[in-house]
Structure formats: C-alpha cells, structure tokens
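Peer 1: My questions all concern the structure below.
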Amino acid sequence: MFPSKVLGSLHKLCFGTLSRSLLKDSSRIVHPMNSSLFRRTMPVRYISDFLDAKIYPVLPSEVQNSNLRKVKEPENLTPDMWFSKEKRNEFLGYFPDIVKQLEDKAATLDDIEKGKHFREILEYTVPGGKRYGGVIVVETYKTLLPKSEQTPENIKLCYYLGWCMELFYDCIFMSDDIMDGGKMRRNRPCWYTLDHVGLSAINDACLLETGMYYLLLKNFGHLDCYLRLYELIHDSAFLLYLGQYMSVKYSKDAFDTSIKLYKMAMDSASVYIASYLPVALGMTLAGRDNPEVLRKAKSILSQLGYFYLIDNDYMDCFGDPALTGKVGTDIRTGKCRWPIVAFMEKASPEQKKLMRANYGKDNEENVAVAKQLFEEINIHKIYTDYVLELYQNLMKDIEENSYGEMKPIYLALVQTIPISLKANGILL
C-alpha cells in the first residue's frame, strides 16, 4: 500500500495536471479566470477555515429595544431586485439546458431508458422552489464582474453555476424528506412517496449530487477556477453530512440539548451552505477569490445563515402549508430545532414536563398540545423579536463598516429577511 500522501501527490500530478492541460485546449470564451492573473495553482482552502467562532444570539435580547418595530416592511419587489419574480424567472429559463445536459449524459450510459429517468427526477422535484441560493450565485457574480466582461457566454456560465448550487440543495431536500418522513415538498407529494419510486429515491438523491459534479466539470473544467469551485462545494457537502449526523443524534432526545449544541449542529449542517457557499461561488467565478474579503464579512454571513435555518425551523412548526409548500414534521418526529430550544430556555418546569409527554409523538392530539405549549411561552413574539433585532443589527453593521464592492451584495442579502417573512405571511 502506498502512503496516502504519496497517492494524493500522484493523483494531483497525473490527473490534475493532465485534465487541466486537456481542458484548457477547449477554452473558447473570454473570462476573467482565463487572465494571467489567475493562472496559478489554487491553494487548498477549506470552508471550515471560515467557521466563525464568535457566539451569536439565536434568541432576542432580554432587554428589548423600543425601536424594534420601526423596520420598514418590503414593498412589492421590483424587477431589478435580487429575489423578484423576474429574476427567478430568468434563472428558471436555464433549467431546460440543465435537464438536457444531464439527460444526454445519462443516455450515453443507459441504452434502455436513454436518460428519461433523470429527466423525470428533475422535472418532478425542481419546480416550485424559491431558488434563493441559485439567484445569489448569479447576482453576486453580476455585481462583481465588470459590465465589459459580462458576455452572453459568461452570463450563461454563471446561471449554470447557480443551478449546480440548486441541484446540491435538491439532493439534500430529497434525502431529508426520507429521513424525516416528510409527505409534501413544494406543494406536491415527496418524490420518495410515489409508488414507482419508494426508497430508490436514496439513489436518485445520489444522482442529483453526482449530476451536479458532472455539470461542474463539463461547463467549468476548462477554467482555472474549476478546482476552487469543486473544493467549495465538496467541502460544504462534507460539513453538511457531518451536521446531518449531529442533527439526528441530538434529535434522539431534543430535551437533552442546549443553545450551544443547537448552534454547533447548525454550523456544521447548513449555516455555511445557506449563506457562505452561494456568495463564495459567485465571487470565485467572477475572479474575486480573496479569502480576506469573506473573512471580514463572517459576522454578516454567519448570522444570515442562522436566520435562514431558524426561519425554516419556525415555519416547519407554524407555517401555512399553502405558503411553505410542505407539511411540517419536526414536532411529531421530535427534532432538535429552534422552537424546542427556545422553549427549553423560557418554559417553566411544569411546562417542560408536559412538553416531554407530547413532543415527538406522531399523532394530532400530541402535536396540538405541543403547539399550545409553544403558544404559552409566546413563541411567535420571541421569533419576530429575534428577527427584527437581527435585521437592525446587520443593517447597522453594513452602514458602519467598509465592505467595498461587496457592500451592495450584503445589503441585498439582508433584504431576504423581510422578503422571506412577507412571503410566508408574517407581518412585522
């Protein structure tokens, strides 16, 4: 057996150098990553290098700020705003290209169905999502790249990268639905619940993830930023799957937990997938692969990541299925999620005892009792106060600090807070 370091060096020498030399011959577009400034060996940097050790609140302050209620609710989204209907429709316009690329690839390996199964997976599971992650990749890239370099080919590539981000999310959602016993996703039955699918959905989730890596190589392999893009996604996947294990482990007894454990599971599971990764992908493709820029904004991206997950946890328990597109399962499956963590911080011993008897029980009566107990500690006010406080703190951070060309990106990202709440029917 060769030592692992030797094998790694041989792999990098034989495959990395060879593949880059072959792929560069096929380079056909003008792109910032093709300039001499970026023709260098990318250092290996892990997404964990950007993990923020600072402890951020996941509950509102004990002393309430009298100005919290002065947050302006978002008006109707204009076409030029990041998460407008027009922006998402532009993004969805590239979905047929993604389907065709994956179907054609599958067809070269499947003489029976000719890739039709891959098409079926994509056309069933993808429609209906908000596509925030993909749009963030695209708009970050467009914001940073000079207009003179925004050629049709370059713009197409940034949309393809956004779809790589979305396929990564979709494979996670498919696996989550199986593990959580979910019934609905995006206003239709979960993929695994279909009679002709069942647990083969586990393999289909793997198809989505590996299909994403295929798209990455096919469309970006000729660029010097390819290895960095691959590193970002692959390392994020490792963190995510580690976090999924932690989430399952601590959900075995959601009452034997703490804010510290919840935050640790969130950090590993999804915070950096939700907030850091799409921004980092857009920056890297635009040739702004400067780690110091992102390190400077760890506070903003970390807290935004917490918001996305806390919002998801809250809406799973209390959201309207007609708006969220799914029926929540966290209460009946006893998951260690934000509402139960907040409850354990605020509830009386008697309330905790009654919650133990009902949380994690898979019937409507127990779920109703658990929801009533959440109401008793005023969970909705705790949630809205936390969100309003976070929004104001982030806006203050952005206004008081110099973030250079990244400032409009962070401002747009912070606006996802009121936009998301309004979309979910929550009035601030």
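Peer 1: So which residues in the stretch 199-224 are open to solvent by less than 20 Å² (accessible area, probe 1.4 Å) and closer than 23 Å to G128 by Cβ?
Peer 2: Selection gives A201, D204, A205, L208, G211, M212, L215.
Peer 1: Additional query: Of the conditions (1) surrounded by fewer than 21 Cβ atoms within 10 Å (Cβ to Cβ); (2) not in a loop (DSSP other than H, G, I, E, B), D195 clears all except one; give me its number.
Peer 2: (2)
Peer 1: Of all residues in the stretch 118-130, count the ones that are open to solvent by 10 Å² or more (accessible area, probe 1.4 Å) and either in contact with a helix residue (DSSP H, G or I) (Cβ under 6 Å, 6 or more places away or on another chain) or at pLDDT 95 or above (or both).
Peer 2: 6
Peer 1: What is the residue count in the stretch 274-286 for residues that are open to solvent by less than 10 Å² (accessible area, probe 1.4 Å) and either in contact with a Phe, Trp or Tyr (Cβ under 7 Å, 6 or more places away or on another chain) or without any contact (Cβ under 8 Å) to a residue 40 or more places away in the chain (or both)?
Peer 2: Residues in the stretch 274-286 being open to solvent by less than 10 Å² (accessible area, probe 1.4 Å) and either in contact with a Phe, Trp or Tyr (Cβ under 7 Å, 6 or more places away or on another chain) or without any contact (Cβ under 8 Å) to a residue 40 or more places away in the chain (or both): 5 in total.
Peer 1: Taking only pairs six or more apart or across chains, which ones have beta-carbon atoms under 7 Å, a first residue in the stretch 324-336 that is outside any loop (DSSP other than H, G, I, E, B), and a second residue that is of a type in the set (F, W, Y) and crowded, with 21+ Cβ neighbours inside 10 Å?
Peer 2: Hits for this filter: I331/Y359.
Peer 1: Here is a further query. Which condition from (1) assigned to a loop (DSSP other than H, G, I, E, B); (2) of a type in the set (S, T, N, Q); (3) at pLDDT below 90 is the one that N358 breaks?
Peer 2: Status for N358: all satisfied but (3).
Peer 1: Given (1) open to solvent by less than 60 Å² (accessible area, probe 1.4 Å); (2) part of a loop (DSSP other than H, G, I, E, B), where does I112 come up short, assuming only one miss?
Peer 2: For I112, the exception is condition (1).
Peer 1: Within the set of pairs 6 or more residues apart or between chains, which connect a residue that is closer than 19 Å to C171 by Cβ inside the stretch 106-129 to a residue that is of a type in the set (A, V, I, L, M) with Cβ atoms less than 6 Å apart?
Peer 2: As it stands, the answer is G115/A106; G115/A107; F118/L102; F118/A106; R119/V99; L122/V99, since those pairs meet every condition given.
Peer 1: Also: Where residues in the stretch 357-401 are open to solvent by less than 30 Å² (accessible area, probe 1.4 Å) and β-branched (V, I, T), which of them is farthest from Y314 (Cα to Cα)?
Peer 2: Going through the qualifying residues, I end up with I398.
The values are calculated or read from the model by the stated rules, or taken from the named source; none is laboratory data. Note that the structure is a prediction, hence the values are computed from the model and not measured. Note that we place each Cβ from the backbone using ideal geometry, even for glycine, and neighbour counts take in every protein chain shown. We work out accessible area using only protein heavy atoms, side chains counted, and drop any ligands, DNA or RNA first. Shrake-Rupley method; radii C 1.70, N 1.55, O 1.52, S 1.80 Å.
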